[in-house]
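Data block below; observations after.
Every number in this text was worked out from the coordinates using simple rules, so none of it is lab data. Keep in mind the model is a prediction, meaning the values are calculated, not measured. No Cβ is skipped: glycine too gets one built from the backbone with ideal geometry, and neighbour counts run over all protein chains shown.
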Amino acid sequence: MCIYFLFKKKKSTIIKPLSHYLNLFQANRGTVRPSGNFNSSADAEALRKAMRGLGTDEETILQLLIARSNAQRQEIKTVYKTLFGKDLVDDLKGELGGKFETLIVSLMTPPVAYDVTALRNAIKGAGTDEKVLVEILASRTPQQVRTIIAAICLIIKQLTGTLNMCCHVVVLQVLFQAGELKFGTEEQTFVTILGNRSPEHLRKVFDAYMKMSGYEMEETIKRETSGNLRALLLAVVKCARSVPTYFAETLYHSMKGAGTDDDTLIRVMVTRSEVDLLDIRAEFRKLFACSLHSMIKGDTGGDLRKALLLLCGGDDA
């Protein structure tokens, strides 16, 4: 693997981290934005009314919550507790069911807590859902990954009463289950570069490497690494090329063929709804013979379909 020299920086060159560029790119590209006429007390009362008496007004619940940003939902949750002495999420769980409940509860969860829960669920019990690990660790910015690790470390401290000085190392080893992060110096170079260069810089490196070696970066990663590390690095490269393309493909494969991977569909739609879902929709339409809206409409049903279509925010047919 003779690629290290490609990544060396000149001393006078300042290359900002990936998070700087992704934060600029992601601004205002979501389908869900803060409500301009937000009144947390009125919203809390409307939700309470929708869940009182016989039956549940699912339409009001989904229309209201999807029209609010996550930060506004957290405020509604706080006010709901103050007004009625009840936990809003618990009440929603008691009134809803199935995948529609999963989606609504996901919308009510703060982003970092959602990612931490997804990672925890992916590694607990028999077997590991590497797909979830790769998706989250590859698509989040470095700062977001550090925040997620800090949150997991806090949980470890609360459970054990101590905080290992190498907590972040322990966390990553747990995430990869079999110690697959114990890789050599050259693999470490891959990880360091892919995690600390801007997407623009990485794309130039990929082009230069292709011209020099005749191989795409993905081909080299497949040849030189294996297991979860290979899957993670390939996802990071794909995200460096285009985060919206990565998620457009993820959404397509969650619905392609017999059956639907509802968990992946919900997770991506919820986590990208305030980030870059508009761009994901555009890439989806370019890559496939249908729009994201139409594929969701054909592969889901009931209140889940209504909620997902609202999150989608429009049809690009």
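Odds and ends about this structure:
- Chain lengthening between Asp87 and Thr60 when straightened (0.36 nm per residue, less Cα-Cα): 7.9 nm
- FRET efficiency, 1/(1 + (r/R0)^6) with R0 35 Å, evaluated for Lys204 and Val112 via beta carbons: 0.65
- Average projection, convex hull of the Cα set of segment 70-160: 7.6 square nanometres.
- A straight Cα-to-Cα reach below 18 Å connects Lys222 with the aspartates and glutamates Glu130, Glu135, Glu180, Glu186, Glu187, Asp207, residues fewer than 8 places away in its own chain not being considered.
- Averaging 1/r across all pairs of distinct Cα atoms in segment 196-297 and inverting the result yields a Kirkwood radius of 15.1 Å.
- Subtracting the Cα-Cα distance of Ala289 and Gln143 from their residue separation scaled by 0.36 nm leaves 49.0 nm.
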